[in-house]
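Asks: Shown below is the structure under consideration.
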Amino acid sequence: MSHILFLVSSMQGGGAERVAALLSNCWAQQGHQVTLMPTFSGRGDCIYPLDERVKLDYLADRVSSRRVSLLNKFRRYAALRHAVREIAPDVVVSFLPHVNVAAIFAVSRLDIPVVVSERIYPPAMPVGAVLEWLRKWSYPKADTVVVQTIQAKRWLMKCCPNAHCQVIANPVVFPLPLGQPQRQPDMIVRKNRKLILAVGRLHEQKQFDLLMTAFSRLAESYPEWDLVILGEGHERECLEQKREYLGLLDRVYLPGRIGNLADWYDRAELFVMSSRFEGFPNTLLEAMAHGLPVVSFDCDAGPRDIIRQGVDGYLVPVESGNGGLSRVIEKLILDDSRRQKMSEASVAVRERFSMERVATQWSKALGLTETRDV
C-alpha cells in the first residue's frame, strides 16, 4: 500500500478537479492511502463525491490568513512543505502549472517522487513570464510530467526537453453519478422538440456566443430544433443579450449548472463543442459515452484525440468559424441515418477511455502496486 498526496488548486469545479476526485477514489478503492489537498487560498468546498477513505486536507486550514498577498504566498508554500514533511507520502501528484511548480519545490531534497500534470494545452493559456520560467526550470526535476495529448507532449519536449513525459488521457465516467441541482429536460424543452446540446462554463474559451450565431443560421429552416447550453459562468449576461439580439429567446435555453447531466445527454440528438481550445474535454467524452454524435472545432488539443472523423463525429476547421460549424450541424440535422450510425460508433469511448485503462496508466506513472480491483 502506498500513501499518495494529491495536490490540486481547488475542488470547486472544473475538469482537472473532477479527474482528481476520480483518481483519488480509484486509488482508495485499490487499497492505497490518499490525502487530497486543495491549495486555493480561499479554501472553498469540494463539490465532487469522494470515497470516505480519501482524506480531504485543505492547505488554507494550515495558514493563518487567507488574504491574497505576496507574504501569504510564502506562508502557503511554507505550510505546503511542512505538510509534505508531516504526511510523509510515498509519492506526490499535482495538477495545474502553479501547483506543479510549488509541489516540485516542496519535495526538493526530501527524496519523495513527484508526478505533475498539465491539464490543458499550455500554449493556449499563457501563464505569465515568471511562472513560465519557473515551469521550464522545475519540470525537468519532476519524476514524470503527465500531459493529455500528443500535441501537448510535443510542446513539452520543446519547452522542457529534459523532462520525462507521459501521455495519459482523461477517463470517461459511465454511468454518470447524480449531482445537484437536478432539472429534467422536459421542464425546459417541450417533449416534441429536437435538441442540440452544449455543456461547459459560460466563458470566452467555450465560444458559446459563436455557437448561438451558428444556430441562428439554421433556426428558421429547422423550426423543430432547439439549442440548450448547460453551465454557469461570468458570460451569462452577455450570452442572454446575444440570444435576445438574435431573436432566439424561445429557441436557445441557458438553464445553468445541472447535476443530472445523463438525462440531458439521453434527451439530446446531437452534441456540439465550439471551444477555442481544450485540454481533454470530459463533456465530449460523456456525450459520446451516451451515444451522441458530436461536432467540435478542431481546436488545440483534445477533440482530435477523441473524435474519429466521419465515424462518431466531425471535426470542423477553426478558421471556418460559425459558418463552418452551422454547415456541419446542418449535415447531421438532415441525415437521420448518419446520426444513428455515429451514435452507435460513439459509445466505443466507454472502452477506449475507460476508468480502468486510464487508472492503470496513472498507477504505472506513480509506481503503484494495485492491492485490489478497481
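Asks: Give 332, 368, 325 a once-over and let me know the one that is more than 19 Å from the chain's Cα centre (by Cα), touching a residue at least 40 places away in the same chain (Cβ under 8 Å) and farther than 16 Å from residue 272 by Cα.
Replies: Being more than 19 Å from the chain's Cα centre (by Cα), touching a residue at least 40 places away in the same chain (Cβ under 8 Å) and farther than 16 Å from residue 272 by Cα holds for just one of 332, 368, 325, which is 368.
Asks: Separate question: Suppose we keep only residues that are open to solvent by less than 30 Å² (accessible area, probe 1.4 Å) and out of contact with any Pro (no Cβ under 9 Å at 6 or more places or on another chain) within the range 103-116. Which one would you say is nearest to residue 134 (Cα to Cα)?
Replies: Selected residue: 104.
Asks: Could you check, for the range 153-162, whether at least one of its residues is open to solvent by less than 10 Å² (accessible area, probe 1.4 Å) and either more than 29 Å from residue 350 (Cβ to Cβ) or part of a loop (DSSP other than H, G, I, E, B) (or both)?
Replies: yes
Asks: Can you list the strands (runs of 3 or more DSSP E) lying wholly within the range 221-287 that have 1 or more residues being within 10 Å of residue 199 (Cβ to Cβ)?
Replies: 225-230, 270-273
Asks: OK, next. From (1) open to solvent by less than 30 Å² (accessible area, probe 1.4 Å); (2) part of a helix (DSSP H, G or I); (3) farther than 30 Å from residue 179 by Cα; (4) modelled with pLDDT of 95 or more, pick out the condition that doesn't hold for residue 100.
Replies: (3)
Asks: Go over the candidates 32, 3 one by one and state the one that is within 21 Å of residue 368 (Cβ to Cβ), crowded, with 17+ Cβ neighbours inside 10 Å and either in contact with an Asp or Glu (Cβ under 8 Å, 6 or more places away or on another chain) or not charged (D, E, K, R) (or both).
Replies: Criteria check complete, one pass: 32.
Asks: Quick test for you: out of 13, 42, pick the one residue that is modelled with pLDDT under 95, closer than 22 Å to residue 106 by Cα and surrounded by fewer than 19 Cβ atoms within 10 Å (Cβ to Cβ).
Replies: 42
Asks: Among the residues of the range 258-280, write down those that are open to solvent by less than 10 Å² (accessible area, probe 1.4 Å), at pLDDT 95 or above and either over 18 Å from residue 212 (Cα atoms) or of a type in the set (Val, Ile, Thr) (or both).
Replies: Answer for the range 258-280, where residues must be open to solvent by less than 10 Å² (accessible area, probe 1.4 Å), at pLDDT 95 or above and either over 18 Å from residue 212 (Cα atoms) or of a type in the set (Val, Ile, Thr) (or both): 260, 264, 265, 272.
The values are calculated or read from the model by the stated rules, or taken from the named source; none is laboratory data. As the structure is a prediction and not an experimental result, all values here were calculated from the model. Neighbour counts are summed over all protein chains in view; Cβ atoms, including those assigned to glycine, are modelled from backbone coordinates with ideal geometry. Just so you know, the surface numbers come from the protein's heavy atoms only, side chains and all, with ligands and any DNA or RNA stripped out. Shrake-Rupley method; radii C 1.70, N 1.55, O 1.52, S 1.80 Å.
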